[in-house]
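The values are calculated or read from the model by the stated rules, or taken from the named source; none is laboratory data. Please read all numbers here as calculations on a predicted model, not as lab measurements. No Cβ is skipped: glycine too gets one built from the backbone with ideal geometry, and neighbour counts run over all protein chains shown.
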Amino acid sequence: MESLLIPPNEYNYTLIIFTFLLFVIAAFAEIGGGYLVWKWLKDKRTIIFGLIGGFVLFLYGIVPTFQPSNFGRVYAAYGGIFVIAAIIWGLLIDKKRPDRYEIIGGIIVLAGALIIFYLPR
């Protein structure tokens, strides 16, 4: 993992793509796992939904450890990616079209996430 660390004022586009993909994987693991638990408890699905959801949530907890930054920065930036992923999940899985405020809010938090994680220090 040490080889992924770069000085914070240099741009490494491969690293940027890698870290962004980790954020996306984490977001969909968290949302997917939570969704399965939701279906189990709220929609009275079988316990297998809850068990698989719990396992996916466990895997979600591992994914951010591959990020080449500190815990606080990773989770602060991840929050913005999570919001966008949740809006996309709602659109594709729940068939709920986001309203203009969700879109505006999503753009704002995504901008914040990119600033937090990717601007040089």
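For the range 94-121, name all the residues that are at pLDDT 95 or above, part of a loop (DSSP other than H, G, I, E, B) and surrounded by fewer than 13 Cβ atoms within 10 Å (Cβ to Cβ).
Matches in the range 94-121: 95, 96, 97, 99.
Within the range 14-32, is there a residue that is of a type in the set (S, T, N, Q) and surrounded by fewer than 12 Cβ atoms within 10 Å (Cβ to Cβ)? Walk me through how you get there before you give the answer.
Restricting attention to the range 14-32, the residues satisfying the condition of being of a type in the set (S, T, N, Q) are 14, 19.
Retained after the next criterion (residues that are surrounded by fewer than 12 Cβ atoms within 10 Å (Cβ to Cβ)): 14.
Within the range 14-32, one or more residues are of a type in the set (S, T, N, Q) and surrounded by fewer than 12 Cβ atoms within 10 Å (Cβ to Cβ).
Filter the range 77-93 down to the residues that are in contact (Cβ under 8 Å) with a residue 40 or more places away in the chain and more than 18 Å from residue 15 (Cα to Cα), then identify the one that is surrounded by the most Cβ atoms within 10 Å (Cβ to Cβ). If you could, list the steps in order and put the result at the bottom.
From the range 77-93, those in contact (Cβ under 8 Å) with a residue 40 or more places away in the chain are 77-78, 81-82, 84-86, 89, 93; that's our starting set.
Then keep just the ones that are more than 18 Å from residue 15 (Cα to Cα); that gives 82, 84-86, 89, 93.
Values: 82: 20, 84: 19, 85: 22, 86: 18, 89: 17, 93: 11.
Checked the range 77-93; the qualifying residue surrounded by the most Cβ atoms within 10 Å (Cβ to Cβ) is 85.
Is it the case that some residue within the range 37-56 is surrounded by 14 or more Cβ atoms within 10 Å (Cβ to Cβ), within 14 Å of the chain's Cα centre (by Cα), at pLDDT 95 or above and not aromatic (Phe, Trp, Tyr)?
Within the range 37-56 (the criterion being surrounded by 14 or more Cβ atoms within 10 Å (Cβ to Cβ), within 14 Å of the chain's Cα centre (by Cα), at pLDDT 95 or above and not aromatic (Phe, Trp, Tyr)), the answer is yes, since at least one residue qualifies.
In the range 72-92, which residues are out of contact with any Pro (no Cβ under 8 Å at 6 or more places or on another chain) and not aliphatic (A, V, I, L, M)? Talk me through it step by step, then tell me what you get.
Keep residues of the range 72-92 that are out of contact with any Pro (no Cβ under 8 Å at 6 or more places or on another chain), which gives 72-73, 76-77, 79-86, 88-89, 92.
Answer for the range 72-92, where residues must be out of contact with any Pro (no Cβ under 8 Å at 6 or more places or on another chain) and not aliphatic (A, V, I, L, M): 72, 73, 79, 80, 82, 89.
List the number of the failed condition for residue 56; all other conditions in (1) over 16 Å from residue 25 (Cβ atoms); (2) in a helix (DSSP H, G or I) hold.
Just one mismatch for residue 56, condition (1).
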